[in-house]
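Shown next, in structure tokens, is the structure this report addresses.
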Amino acid sequence: MSVTFWIGFGIAVYIAVGLGIALMARRQLGAGVSEFFLANRKLGGFVSALTYSATTYSAFMMIGLAGLTYLTGVGALGFELTYLCGMFMMVFFLPRFWLVGKKYGYISPMELLSDRYQNKGVGATAAILALVFLVPYGAVQLMGVGYLMNGISGGEIPVVVGIIIAVVCAIAWSRIAGLRSVAWTDAFQALLMITVSAVVLGVVINALGGFGAFFGKLESAVPGLLTVPTAKGSWNLNMFIGLALPWLFFLISNPQVSQRLFIPKSVTAMKQMLGGFLIFGFIYTLISVLWGFGATLLVPGLENADLATPRLLSLTMIPTGLAIVVMIGITAAAISTIDSILLTLSSVWARDIHKGLINPKVSEKGELRVGQWVIPIMAIIAFVFAWWAAGKTGLDFMIAPLASAASAGLLMAVPTIFGAFFWKRGTAFGAIVSMIVGAIIVLVFQLTGCKPLGWWPGVWGFVVCVPLFVIVSLATKPPREKAEEFIGYLKGALKKGRFI
Amino acid sequence: MTKSAWAWVWFGLLLALDIAIPWFVLTHVEKMSAAFLFWTIWAAAAIASAFIIFLKWREVKP
């Protein structure tokens with residue numbers, strides 16, 4: 001039987017297992033918006049850690065990051081580990097989000113901002129930012145699945161078929177039982193993706209003669225890839241900062257992950273979530289980068305670096321069965337991210353745009369119905385973007401830079417989020433102006449390819465939006481009463497839990 | 001300084017090292033024991049310091 005048949009068989013088994021888990025999760029689904037979007041804030045530490053990991057780590061890792069390593073070398077490791085270092089800020093933000101989420105009953109991070117700044121326009125602006133910039137991020141997950149199935153099948157499975165499979169699964173996982181089905185399928189998918197990627201990396205390193213020989217071969221064959229800036233000029237400091245800065249604040253700027261900070265059921269679950277994720281992330285990053293380095297030795301000279309993983313998996317040294325399981329693992333990584341994005345965007349639309357701006361009197365049932373309809377609509381938009389971008393070549397259309405570009409737009413909400421927790425003087429007007437101006441700068445520079453002084457769009461946007469937030473806030477009137485109450489509550493609660 | 005301020009200073013130091021060591025100190029060392037090893041140890045240190053802080057958290061009812 002052909003490889004294509006076994007790929008189809010493997011995908012069918014994966015879908016069946018995922019569907020089974022999602023339907024099991026549905027049995028526990030209660031009523032209401034909080035239940036659908038946040039699993040009623042009652043998730044345990046183990047599932048929270050795995051859903052956080054699976055949502056964060058996507059096709060970006062084993063395809064995008066591996067491809068970036070293949071093309072540009074060790075700078076890709078530094079870039080990704082800078083994100084993980086940014087997770088240190090969780091010691092500040094995780095307890096703060098969790099405490100105010102429980103106290104005030106926020107559904108989305110944008111609702112938190114609206115309430116804190118006492119202005120629904122703040123949440124709506126952040127929501128529009130998310131809706132605009134998460135589309136390309138969702139699309140790169142779909143592209144990853146398309147490339148992978150196409151590469152492993154030797155071109156027999158068109159890229160668009162892989163994209164369609166990913167879209168359908170993501171819609172199903174998120175619609176069946178909201179966060180419960182997303183979190184449970186995420187847990188299954190996270191375990192699958194890290195296990196199979198570790199096994200296949202072991203096979204490759206073993207074939208190259210073990211770690212010592214592998215490192216020796218890298219030093220003799222591609223020494224220029226082991227330093228920054230790279231000899232052939234791929235990495236320079238501007239590119240590093242341009243890619244790493246949006247990643248550094250990913251934990252608060254990306255609502256699909258910051259919404260996860262509302263869900264642990266207790267402080268113990270919160271600690272397990274953070275610890276589990278940090279360990280998972282460290283291991284998975286090293287696996288993905290070493291995998292990319294393995295590809296530079298075994299499949300050199302590829303025109304599209306995002307194809308490094310599919311090409312490596314199609315080598316005869318990797319048994320076909322294992323290659324298909326790895327492909328399913330990476331597919332799982334992609335789908336577990338996009339279903340979370342779809343669910344978050346649906347909650348953001350329902351709560352912050354529909355209820356916040358369009359129809360404030362909508363019932364909880366009506367709000368939920370709106371959110372559920374947004375899921376397939378956003379999926380179709382991401383599908384169209386993925387289809388369009390999958391035909392393009394060049395660094396800007398590689399998975400890693402495209403993903404980082406999406407986060408560059410979301411970065412513009414970071415001063416507003418910092419202000420909400422740490423600066424009583426921050427105002428709604430400062431928040432709205434800084435987000436809008438920053439996002440316009442990012443979009444214009446991104447679309448025109450303009451990089452004055454060599455600085456990337458996200459850096460320019462950030463450099464402008466931070467002082468703008470401060471200056472406009474100082475010139476306008478803050479919501480003093482709410483700021484005192486919000487930050488005052490946190491001060492007391494943080495002390496009680498020995499948070500910092 | 002408060003514990004919180006110390007944690008922010010430590011985080012700033014980590015970010016400064018992220019740029020200074022690989023980009024300026026190890027820039028011409030084309031070995032796995034250079035930037036690759038640095039970033040691996042550096043990230044492990046960041047993770048370990050987060051563990052030191054959050055393991056002290058205790059249960060509260062919001």
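Where a number appears in this text, it was derived from the coordinates with a stated rule and is not lab data. On a predicted model such as this, the values are computed, not experimentally measured, just so you know. Glycine also receives a Cβ, built like all others from the backbone with ideal geometry; neighbour counts cover every protein chain displayed.
Points worth noting:
- The residue of region B:16-31 that is nearest to A:Thr82 (Cα to Cα), among those that are at the interface with another protein chain (Cβ under 7 Å from one of its Cβ atoms) and in a helix (DSSP H, G or I), is B:Asp18.
Conditions (1) in contact with a Leu (Cβ under 8 Å, 6 or more places away or on another chain); (2) in contact (Cβ under 8 Å) with a residue 24 or more places away in the chain; (3) within 19 Å of A:Gln118 (Cα to Cα), marked per residue:
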position	(1), (2), (3)
A:Gly458	yes, yes, no
A:Val463	no, no, no
A:Pro467	no, no, no
A:Leu474	no, yes, yes
A:Pro479	no, yes, yes
A:Ile487	no, yes, yes
A:Leu490	yes, yes, yes
A:Ala493	yes, yes, no
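- Residue among B:Ala44, B:Ala34 that alone is at the interface with chain A (Cβ under 8 Å from one of its Cβ atoms), buried (at least 20 other Cβ atoms within 10 Å of the Cβ) and assigned to a helix (DSSP H, G or I): B:Ala34
- Some residue of region A:51-62 being more than 9 Å from every other protein chain (Cβ to nearest Cβ), in contact with a strand residue (DSSP E or B) (Cβ under 8 Å, 6 or more places away or on another chain) and either crowded, with 24+ Cβ neighbours inside 10 Å or among the polar types (S, T, N, Q) (or both): yes
- Of all residues making up region A:74-129, the number that are within 8 Å of another protein chain (Cβ to nearest Cβ), among the aromatic types (Phe, Trp, Tyr) and within 18 Å of the chain's Cα centre (by Cα): 1
- Selection status of A:Val17, in a helix (DSSP H, G or I), in contact (Cβ under 8 Å) with a residue 60 or more places away in the chain and more than 14 Å from chain B (Cβ to nearest Cβ): yes
- Hey, A:Lys217 facing chain B (nearest Cβ under 10 Å) and not small (Gly, Ala, Ser) or not: no
- Any hit, region A:208-218, residues being small (Gly, Ala, Ser) and touching a residue at least 60 places away in the same chain (Cβ under 8 Å): no
Conditions (1) more than 27 Å from A:Ala386 (Cβ to Cβ); (2) assigned to a helix (DSSP H, G or I), marked per residue:
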site	(1), (2)
A:Arg96	yes, yes
A:Ile107	yes, no
A:Thr125	no, yes
A:Gly146	no, yes
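- For region A:359-368, the criterion of being more than 28 Å from A:Ile194 (Cα to Cα), out of contact with any Phe, Trp or Tyr (no Cβ under 7 Å at 6 or more places or on another chain), of a type in the set (Asp, Glu) and surrounded by fewer than 23 Cβ atoms within 10 Å (Cβ to Cβ) is met by at least one residue.
- Every condition in (1) assigned to a helix (DSSP H, G or I); (2) more than 7 Å from chain A (Cβ to nearest Cβ); (3) not hydrophobic (A, V, I, L, M, F, W, C) is met by B:Lys61 except one, and the failing one is (1).
- Scanning region A:215-249 for residues that are polar (S, T, N, Q) and surrounded by 23 or more Cβ atoms within 10 Å (Cβ to Cβ) yields a single hit, A:Thr227.
- If the condition is being away from chain B (no Cβ under 14 Å) and either buried (at least 20 other Cβ atoms within 10 Å of the Cβ) or not in a helix (DSSP H, G or I) (or both), then region A:202-214 contributes A:Val204, A:Gly209.
- Near pairs, Cβ below 6 angstrom, 6+ apart or cross-chain, from region B:1-30 (under 18 Å from A:Leu243 (Cβ atoms)) to any residue that is aliphatic (A, V, I, L, M) and not in a helix (DSSP H, G or I): B:Pro22/A:Val228; B:Trp23/A:Val228
- When we screen A:Ala190, A:Ala177, A:Ala183, A:Ala166 for residues that are closer than 20 Å to A:Thr4 by Cβ and in contact with a helix residue (DSSP H, G or I) (Cβ under 6 Å, 6 or more places away or on another chain), the only hit is A:Ala166.
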